[in-house]
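J.: If you scroll down you'll find the structure; I have some questions about it.
Read the figures in this text as sums done on the coordinates, not as results from a lab. Keep in mind it's a predicted model, so treat the numbers as computed, not measured. Cβ sites come from the backbone with ideal geometry, for glycine too, and all protein chains shown count toward neighbours.
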Amino acid sequence: MPDPDRTAPDLLAFEAMARMAIEQLPEAFRAAARTVILRVEDIAPPDVLHDLEIADPLELTGLYDGIPMTEKSFSDPAPWPDTIWLFRKAILAEWRERRNVDLSDLVTHVMVHELAHHFGWSDADIATIDRWWE
């Protein structure tokens with residue numbers, strides 16, 4: 001039996017799907033979204049999981065690391081660039097579990113969710129308009 005992680009789209013394919021999600025945003029959001037660094041990894045680094053108190057790396061599909069646009073000030077120093085992390089194996093695990101969604105749609109959902117944090121939306125804000133889990 002083939003290993004599903006070896007036959008699934010690789011990191012570059014995930015990055016391409018995420019970049020396509022950016023290009024599908026309304027123009028008002030697209031320019032700001034393009035400034036965020038995108039990192040696609042198989043799983044979250046152990047220190048990130050520890051900081052977020054997540055035991056199972058397959059529970060974290062994405063992460064926004066930065067200062068939301070609504071909190072930025074031009075006078076504040078920028079110690080590091082805003083970054084969105086997508087975690088391939090966690091996204092694949094959710095995709096396999098759901099069985100009713102296209103993988104590119106799931107990658108787009110995770111990417112847009114993390115971009116929403118960049119734009120200053122909380123998880124509660126996102127949940128009011130994105131009922132993805134239903």
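J.: Please build a GNM for the chain, connecting alpha carbons under 10 Å apart, and tell me which residue among P81, P26, P57 fluctuates the most.
T.: Evaluated over the chain, the most mobile residue of the options is P26.
J.: Of the GluC sites (Glu not before Pro) in the range 47-124, which ones lie in a loop per DSSP and count no more than 10 other C-beta atoms within 10 Å?
T.: E53
J.: Note the angle between two axes, namely the Cα long axis of helix 11-23 and the longest principal axis of the Cα atoms of the chain, as a number of degrees from 0 to 90, rounded to the nearest 10.
T.: For 11-23 against the chain, the angle is about 50 degrees.
J.: Counting pairs of alpha carbon atoms under 8 Å apart in space and at least six apart in sequence, what relative contact order in percent does the chain give? Please list the in-between numbers first.
T.: On the way: 142 pairs, mean separation 38.3, N = 134.
About 29 percent, as a whole number.
J.: With each pseudo-label sitting 7 Å past Cα toward Cβ, what's the R30-L58 distance in nm, one decimal?
T.: Each label point is offset 7 Å from its Cα along the Cβ direction, giving 3.7 nm.
J.: Please state the equivalent ellipsoid semi-axes for the range 85-132: what are the square roots of 5 times the Cα gyration tensor eigenvalues, largest first, in whole Å? Don't skip to the answer; put the middle values down first.
T.: On the way: eigenvalues 84, 30, 13 Å².
After scaling each eigenvalue by five and taking roots: 20, 12, 8 Å.
J.: Okay, next question. All other residues with a Cβ under 10 Å from the Cβ of Y64 taken together, and with Lys, Arg as +1 and Asp, Glu as -1, what is their net charge?
T.: On the way: positive: none; negative: D65, D82, E114.
Local net charge: -3.
J.: Average the reciprocal distances over every distinct pair of alpha-carbons in the chain, invert the result, and give the Kirkwood radius in Å.
T.: Details: mean 1/r = 0.0637 Å⁻¹.
Result for the chain stands at 15.7 Å.
J.: Amide H to amide H under 5 Å from G62: which residues, 5+ apart in sequence or cross-chain, H placed 1.01 Å off N in plane?
T.: HN-HN under 5 Å from G62: F87.
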